[in-house]
Number of protein chains: 2
Amino acid sequence: MIKKDRFNNDLQQLAAFAKVLAHPARLAILQFLSQSKTCISGDISEHLPLSRTTVSQHLSELKKLGLIHGEIEGTKVNYCLCSSSIASFLTKMEAFFEPIKNCEMSCETNHE
Amino acid sequence: MIKKDRFNNDLQQLAAFAKVLAHPARLAILQFLSQSKTCISGDISEHLPLSRTTVSQHLSELKKLGLIHGEIEGTKVNYCLCSSSIASFLTKMEAFFEPIKNCEMSCETNHE
DNA sequence: AAATAATGTCGTATGTTTGCGTCATTAAAC
DNA sequence: GTTTAATGACGCAAACATACGACATTATTT
């Protein structure tokens with residue numbers, strides 16, 4: 001295994017972004033952070049049906065890719081979205097799908 | 001485990017879409033299908049650094065979500081993009097990220 | 001300094017994905 | 001009707017992800 005490396009870098013980066021979005025908990029975290037105007041800390045876990053440690057783990061996945069930041073403030077940590085990095089991934093995503101959306105030779109017409 | 005079910009349906013659907021995009025081989029397949037105007041069959045495997053069986057597996061993941069179609073033609077199968085379904089997932093994706101992109105309270109300003 | 005609170009790290013169990021070889025099936029070519 | 005070709009289904013091993021409790025760390029509060 002470990003065959004992913006044989007693919008080109010752009011595809012790997014996009015795949016990594018998609019992977020981080022591939023769990024509802026992480027999507028929920030992003031959503032929560034965008035709603036709670038004050039970058040509220042680990043009481044994110046209060047709002048999710050998962051244990052605190054599991055949430056912490058999902059948070060660090062998001063952090064690893066740079067989609068969020070954590071700012072220590074005393075004994076708490078304030079997490080918040082990193083919009084610029086999110087926007088940059090989204091741009092890559094759109095660029096990838098542009099030729100795919102406009103592909104004439106899709107077989108819509110041949111199917112019921 | 002099996003805790004994903006506790007999240008709302010929209011998030012689960014989006015996560016499922018992201019999951020299917022979360023492997024470079026599957027992205028490469030989508031890309032290949034958009035380029036090769038004639039919906040060419042399993043010689044997709046010729047173009048990927050993976051065995052035929054593995055590629056076939058990735059193809060069925062894509063098919064399961066409805067991103068591609070396979071049309072049997074004799075002993076071969078012609079795969080092709082299902083643009084409408086792809087477009088519909090992309091729309092959901094954009095809708096999800098709209099409030100996230102526009103979130104004022106991201107902490108860009110607080111970071112280097 | 002001791003107690004409390006918030007959080008991250010580690011280990012571990014269970015579940016899922018990836019990758020592949022072998023086999024079965026189907027259809028065309030001979 | 002055999003052979004050949006293309007493909008999917010099955011089963012397995014290795015790798016990875018998910019979920020959590022127990023422990024360690026740090027910073028406030030007392």
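If you wrap the Cα atoms of the protein assembly as shown in a convex hull and average its projected area over all directions, you get 13.9 nm². Against chain A, whose longest principal axis comes from its Cα atoms, helix A:24-35 is set at around 60 degrees. FRET efficiency for the pair residue B:38 and residue A:90, taken as 1/(1 + (r/R0)^6) with r the Cβ-Cβ distance and R0 = 35 Å, rounds to 0.65. Measuring nothing but how far apart in sequence close Cα pairs (under 8 Å, 6+ apart) lie, relative to its length, chain B scores a relative contact order of 23 percent.
Quick one: of A:101/B:92; A:101/B:64; A:92/B:19; A:92/B:101; A:37/A:101; A:64/B:63, which pairs are farther than 23 Å apart, Cα to Cα? Write down the numbers at each step before the final one.
Numbers: A:101/B:92 15 Å; A:101/B:64 19 Å; A:92/B:19 17 Å; A:92/B:101 15 Å; A:37/A:101 35 Å; A:64/B:63 31 Å.
Too far apart for the 23 Å limit: A:37/A:101; A:64/B:63.
Between residue B:47 and residue A:76, the simple label model (points 7 Å from Cα in the Cβ direction) yields a spacing of 5.2 nm. Mind pulling the angle between the C-alpha long axis of helix A:52-65 and the longest principal axis of chain A? Nearest 10 degrees, somewhere in 0 to 90. Its long axis makes an angle of about 50 degrees. For residue B:92, the distances from its label point to the matching points in the remaining copies are 2.3 nm, ordered from shortest, with each point set 7 Å beyond Cα toward Cβ. Relative to the dominant Cα principal axis of chain B, helix B:83-101 is inclined by about 20°. A quarter of the convex hull surface defined by the alpha-carbon atoms of chain B gives 10.8 nm² as the mean projection.
All of the numbers you see were taken from the coordinates with simple rules; none came from a lab. Quantities reported herein were computed from a predicted structural model and do not represent experimental measurements. All Cβ positions, glycine included, derive from the backbone under ideal geometry; neighbour counts span all protein chains shown.
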